[in-house]
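Before any comments, here is the structure.
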Amino acid sequence: MKNKLYIVGISGGTGSGKTRAAKNLLLRFNPSEIALIEQDSYYKDLKNISFKEREKVNFDHPDSIDFDLMYNDLKTLINTGNISIPMYDYKMHLRKSKKQTIKGKKVIVIEGIFSLYDSRVRELMDLKIYVDTSDDIRVMRRIKRDINKRGRELSSIISQYTNTVRKMHTEFIEPTKCYSDIILNQGGKNPIAINLIENTINNHING
């Protein structure tokens, strides 16, 4: 066993169902044992540029993520069992002043499109999962999410998807599938796969 803390990475394209898969997995365990870290919490801090400039940032490119901070936080969590991580404001494209505290967990689930991208972060993971969903389903889910949860306009969402999201997925996200231990079809709606993942984690917790 690599370390006492068991780290699960869940990746996949935008709208693939990785967030639902992660949250459904968390429901299988006692909250005192498991916690979710969203990769989006590690968007780089852009407080030193204007809102108009922040709107132009390509958040679907790996350069938008502070992988150094993510890696260092995970190392601290492994070594001490306790960290405070950033929280992100999607509407303003800024880190919030409030932080998420994680303490005394046995299992950490890291979820996001670039969860499997950085080699240093991958090496800390015990189980790597890629959620594979068709492009048509993913784009419709992204439109619904961005309108309902992030207050964005349809024209802006479509423009972003056409100009950046689709290309970034092909270039940077889909290739990380090769690093996965499990390719999960149908996201959180695949109970057989979720059961398999649950059993794998339980073997660690109870082993």
Restricting region 93-148 to residues that are of a type in the set (Gly, Ala, Ser) and touching a residue at least 24 places away in the same chain (Cβ under 8 Å), the residue that is nearest to Thr176 (Cα to Cα): Ser115
Selection count where residues are farther than 18 Å from Leu5 by Cα, of a type in the set (Ser, Thr, Tyr) and either in a loop (DSSP other than H, G, I, E, B) or at pLDDT 90 or above (or both), scope region 86-120: 4
Only one of Leu36, Leu5, Leu27 that is aliphatic (A, V, I, L, M), surrounded by 13 or more Cβ atoms within 10 Å (Cβ to Cβ) and either over 18 Å from Met125 (Cα atoms) or modelled with pLDDT of 95 or more (or both): Leu36
Count of residues meeting criterion [touching an Asp or Glu at 6+ places or on another chain (Cβ under 6 Å), more than 27 Å from Thr164 (Cα to Cα) and of a type in the set (A, V, I, L, M, F, W, C)] in region 1-50: 1
Subset tally (residues that are among the small types (Gly, Ala, Ser) and assigned to a helix (DSSP H, G or I)) for region 13-61: 3
Scan of region 64-88 for residues that are touching a Ser or Thr at 6+ places or on another chain (Cβ under 8 Å), surrounded by fewer than 17 Cβ atoms within 10 Å (Cβ to Cβ) and hydrophobic (A, V, I, L, M, F, W, C), ordered by number: Met87
Leu196 without any contact (Cβ under 8 Å) to a residue 24 or more places away in the chain, in contact with a strand residue (DSSP E or B) (Cβ under 9 Å, 6 or more places away or on another chain), closer than 20 Å to Leu36 by Cα and not hydroxyl-bearing (Ser, Thr, Tyr): yes
Residues being over 22 Å from Asn199 (Cα atoms) and surrounded by fewer than 22 Cβ atoms within 10 Å (Cβ to Cβ) - total across region 98-120: 10
Residue count for region 164-207, restricted to those that are surrounded by fewer than 12 Cβ atoms within 10 Å (Cβ to Cβ), at pLDDT below 85 and more than 29 Å from Asn30 (Cα to Cα): 0
Which numbered condition Asp146 fails, given (1) in contact with a Lys or Arg (Cβ under 9 Å, 6 or more places away or on another chain); (2) crowded, with 20+ Cβ neighbours inside 10 Å; (3) at pLDDT 85 or above; (4) not aliphatic (A, V, I, L, M): (3)
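The values are calculated or read from the model by the stated rules, or taken from the named source; none is laboratory data. Being a predicted model, the structure only gives us computed values, none of them experimental. So basically every Cβ, Gly included, is an ideal-geometry build from the backbone, and we count neighbours across all protein chains shown.
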